[in-house]
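The values are calculated or read from the model by the stated rules, or taken from the named source; none is laboratory data. Predicted, not measured: the structure shown is a model, and the values here were computed from it. Glycine gets a Cβ as well: all are built from the backbone with ideal geometry, and neighbour counts include every protein chain shown. Keep in mind that these areas ignore ligands, DNA and RNA; they rest on the heavy atoms of the full protein, side chains included. Shrake-Rupley method; radii C 1.70, N 1.55, O 1.52, S 1.80 Å.
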Amino acid sequence: MARLCILFINSGSVLLLEPHTIAIIDDDLDMREAVTGLLASIGYVVESFGSAEDFLSFPRRAQVDCAIVDIRMPGLSGLELQDALTLQGLKPP
């Protein structure tokens, strides 16, 4: 079942009803922190991972609505992570 995400912007503030969970998967700590901070500031629930392997061991990965993934990482690359998720029947956008 698809969930509806609604953003309300009023007087410079943003209210997100029924926030979606976004996973940030990047080996660059500075990039992870920057993107996590930006998305959290507008109301998203953000889970941050330093590697594809860390994300694959996350027990609630099926509840992730969107994944922002670095393509080039040590260990599994972003594309290899996508393949692994597809084999598990998970296809976050």
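Write out the trypsin sites (Lys or Arg not before Pro) in region 57-91 meeting two conditions: DSSP loop, and at most 14 other Cβ atoms within 10 Å of their Cβ. Display every interim value, and only then the final one.
Details: sites: Arg60, Arg61, Arg72; in loops: Arg60, Arg72.
Sparse-neighbourhood loop trypsin sites (Lys or Arg not before Pro): Arg60, Arg72.
Residues in region 21-93 average 58 Å² of solvent-accessible surface per residue, probe 1.4 Å, ligands and nucleic acids excluded. Multiplying the residue separation of Thr21 and Arg72 by 0.36 nm and subtracting their alpha-carbon distance yields 16.1 nm. Note on Phe58 and Leu38: the model spin-label points, each 7 Å out from Cα along the C-beta direction, lie 1.7 nm apart. Computed with a 1.4 Å probe on the full set of protein chains, the accessible area for Val64 sits at about 10 Å². For region 41-59, list residues with backbone N below 14 Å from a point placed 7 Å from the Cα of Leu87 toward its Cβ? Flagged as within label range: 53, 56-57.
In the complete set of protein chains, residue-level accessible area for Leu56 is approximately 40 Å², probe 1.4 angstrom.
Order Glu33, Glu80, Glu47 by their accessible area, 1.4 angstrom probe, all chains in place, largest first.
If we order Glu33, Glu80, Glu47 from most to least accessible, we get Glu33, Glu80, Glu47.
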